[in-house]
Amino acid sequence: MSELAVRFRRLWDEIAPVGRDAASGGYLRYALTEPELRLREWFRDQADRRGMPVTGDGNGNLFAWWGDPAGGDAVLTGSHFDSVPHGGAYDGPLGIVSAFLAVDELRAAGAAPVRPVAVAAFVEEEGARFGVPCLGSRLLTDQIAVDRAAGLRDAAGVSFAEALGERPAGGDLGLLGRFTAFVELHVEQGRALVDADAPVAVASAIWPHGRWRFDFHGEGNHAGTTRMADRRDPMLTYAFTVLAANKEARLRDAHATIGRVAVAPNATNAIPSTVTGWLDARAAEPETLRGLVEAVRAKAADRARRDGTVLTCTEESATPPVAFDTGLAERLAGLLDAPVLPTGAGHDAGVLAAHLPTAMLFVRNPSGVSHSPAESATDADCAAGVRALARVLEELACR
């Protein structure tokens, strides 16, 4: 094992136990809860060890600076700490750990930033607690109203503003204007690098995607005394919708997932009164995505009429297609001799791409699985990712 791989493992082991669920092996690192707050303190400690001052933007996003925080033409890197429920270890934190190690690599080689480098820890990227993905970067870039963001609530009724400890500040174009590029390193969420036999890739684009809430309202009643013919059961409408989403996505070579459901009263011996399911939909083209969601909604509405239930469909978030800066992607692919890949996953980089030249680096995931405890990366590949990021930061900030 290389010296860098050993140093990666040593630093990685400092955060690996934080928020891990003993039963599933996955992580429960919801934004601004105790495990994620511990990681934010770890972030501050790592920055302090390196003499990197930490600033915030009033939205929960943290920035550790190598160089003058007030300087212009800064290069931004980093990722997020929060996870989906029982998610994998690498999604998010790999980009932050790798950024600190890349700074270490450059310093050890005698490099110094001509332009400042900022390592970011963005808040609520997954949207697992407050329902809106990339909430921190959306706030920073003024892509979500402050009032809406402040009022978002988790399952326990805690608002984002309450969890943050203050009303979010919203867009900061002054801060954004100090960045000349953003490069986010992330574990690959697929097996393309396994097939390409390469440890690192450069991203080309992110598919358009979004989340839609389907609320099915029926009539709660007794499971043992209500005749089948008399039922207005929203669970039937919901079940049909899950199957319809799967079929419509396959017909369009798109992706549709309903992985979250809430049922009331959620009793074994009661017909539900309401069922809510959240549709995650993604496609290569916006027209395909719109057609997919509309087809699912239409089929669900038709089934609701037949079931005697009522459907409401609400768009909770929608992200247009993101083509990363072509010139920057080509420059980095040439610098690293790395393949270029698209992705169906959303990232803070996708939000920031509308405001500054943005690129992503992917590190090989041998399992091809993400948002799951099976997500993985070897220490050797993670070290390759650190070296790649160091070369990128040297190219963009030290010359």
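The values are calculated or read from the model by the stated rules, or taken from the named source; none is laboratory data. Worth saying up front: this structure is predicted, and the values here are computed from it rather than measured. Note that each Cβ is placed from the backbone with ideal geometry, even for glycine, and that neighbours are counted across all protein chains shown. All accessible areas refer to the heavy atoms of the entire protein, side chains included, with ligands and DNA or RNA removed. Shrake-Rupley method; radii C 1.70, N 1.55, O 1.52, S 1.80 Å.
Couple of notes before you dig in:
- The chain: relative contact order as a whole-number percent, Cα under 8 Å and 6+ apart: 23
- Across the protein chains, with a 1.4 Å probe defining accessible surface, the residues Met228, Met360 rank Met228, Met360 from largest area downward.
- Shape category assigned to the range 72-112 from the gyration tensor of Cα positions, a/c cut at 1.5: oblate
- Descending by average beta-carbon neighbour count within 10 Å, the peptides 301-307, 361-367 line up as 361-367, 301-307, the highest first.
- For peptides 84-92, 18-26, sequence by mean Cβ density within 10 Å, most packed first: 84-92, 18-26
- For the options Arg138, Arg250, Arg213, a Gaussian network treatment of the chain with springs between C-alpha atoms closer than 10 Å singles out Arg250 as fluctuating the most.
- Derived scalar couplings ³J(HN,Hα) [the range 61-67; Karplus, 6.51 cos²θ - 1.76 cosθ + 1.60; whole Hz; x for Gly, Pro]: 7, 10, 9, 9, 10, 9, x
- Overall form of the range 310-399 per C-alpha gyration tensor (a/c, 1.5; a/b vs b/c): oblate
- Within the listed set Thr141, Thr237, Thr268, the residue fluctuating most in the Gaussian network model of the chain (springs between alpha-carbon atoms under 10 angstrom) is Thr268.
- The range 168-296 shape via C-alpha gyration tensor axes, a/c threshold 1.5: prolate
- Net charge over other residues, Cβ less than 11 angstrom from the Cβ of Leu279 (K, R count +1; D, E count -1): +1
- 14 Å beta-carbon shell around Arg252, net charge (K/R +1, D/E -1): 0
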